[in-house]
Each structure stands twice: as C-alpha cells, then as structure tokens.
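Have a look at the structure below, then the notes.
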C-alpha cells in the first residue's frame, strides 16, 4: 500500500499581505515543509492541490495571479504533480482520484489550508472514498470566523475542526509525531 502526501492550497493569498490572510500561515507552512522533506526523503509521492477561483465574485486565488501560486516554502519540484481544483473538495471535478489510483495510493497524509474549509472537506471525502487518512494538524492553518454576531478565534476553529476529524475521518498527529523529530 503506497502512501502519499497531499499538500492542499498552501498558496500565497493565505500569507501576510495576501488577500485572505490566515492566522499562523507561516508556521503551518514551515511544518508542512518538514513533512514534505520527510516524504521526499522516503521517496514517496508528494501531490499538490492548487485552488483557482472561477467565480466572478471571487476575491482571492484569482487565475494567473501571484496570490494563487503555491507558496515557495512548499513549492513542487521535479515531477511532483499539481492538481487544480475549483471547489473546496479536492476530489470534486479533478483528476485527484485518478492520480491516486495510478500511483496505487491508499494512505494519504494531509497538510494544508484552510483547516475549516478545504482541508476538512477533502479529508472527509478521502475517508468516504476509502483512503486511510492522517492529518498533520500543526501543518494546517485557518482564520477567525464569525457566526450570529460572535467571533470564533482561529485557535478555537482549529481545535474544533481537528477534534471533529480525529478518530472519525482521520488520525490527527503533529509534525513531530509524524517525522519523529
């Protein structure tokens, strides 16, 4: 059974100065880069998901912009595959499932952004499709949310989503737990 790393939407618009800055994006990207190095050292596939917004009302990840580019800390090299998506679910109307089948992948390790949106949706879809999923929680980032006049801090959003995912849709681990450092 082959393992692969799935790097979801670690793109420039999520970083300081971007159009949708997340809390802790730099720290999460640093952790994701450690996981990426680990997979490369083991000779395991690293697959990137890049969100390109097609909606006329979109404000970030706009086509052909710097903000939509994959962040330099985790940029693909050599023959690493990039899957372009237009929805939160990385499997929806993309070639991701086909690529994973071609690579004989049944175990996915996931890092990425935003935890409460694209990461959560993709992890749940991967689990539904029968993949064994490990989510590296500290290699993900999110933002403050608002509901019914109340603000929920990014730290609380992160913990709530990781708690909901862990044990039901994935095993949530830290970077140190995964890479053994």
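Only one of these is within 16 Å of the chain's Cα centre (by Cα), closer than 19 Å to residue 178 by Cα, assigned to a helix (DSSP H, G or I) and at pLDDT 95 or above: 97, 29. Name it. Within the list 97, 29, the selection yields 29. Of the strands (runs of 3 or more DSSP E) contained entirely in the stretch 120-181, those carrying at least 1 residues that are surrounded by 21 or more Cβ atoms within 10 Å (Cβ to Cβ), modelled with pLDDT of 95 or more and in contact with a helix residue (DSSP H, G or I) (Cβ under 7 Å, 6 or more places away or on another chain) fall at 132-141, 171-173.
Taken over the stretch 95-109, the criterion of being surrounded by fewer than 18 Cβ atoms within 10 Å (Cβ to Cβ) and touching a residue at least 24 places away in the same chain (Cβ under 8 Å) is satisfied by 97, 99, 103, 104, 106, 107.
Annotation: residue 63 fulfils all but one of (1) touching a residue at least 40 places away in the same chain (Cβ under 8 Å); (2) in a loop (DSSP other than H, G, I, E, B); (3) out of contact with any helix residue (DSSP H, G or I) (no Cβ under 9 Å at 6 or more places or on another chain); the unmet one is (1). Whenever a residue of the stretch 76-89 is on the phi < 0 side of the Ramachandran plot and at pLDDT 95 or above, its partners that are loosely packed, with under 15 Cβ neighbours inside 10 Å and not in a loop (DSSP other than H, G, I, E, B), lying with C-beta atoms within less than 9 angstrom and at least six residues away or across chains, give the pairs 76/82.
The values are calculated or read from the model by the stated rules, or taken from the named source; none is laboratory data. Small disclaimer: the values here were computed from a predicted structure and weren't measured. Reconstructed Cβ throughout: ideal geometry from the backbone, glycine too, with neighbour counts over all protein chains shown.
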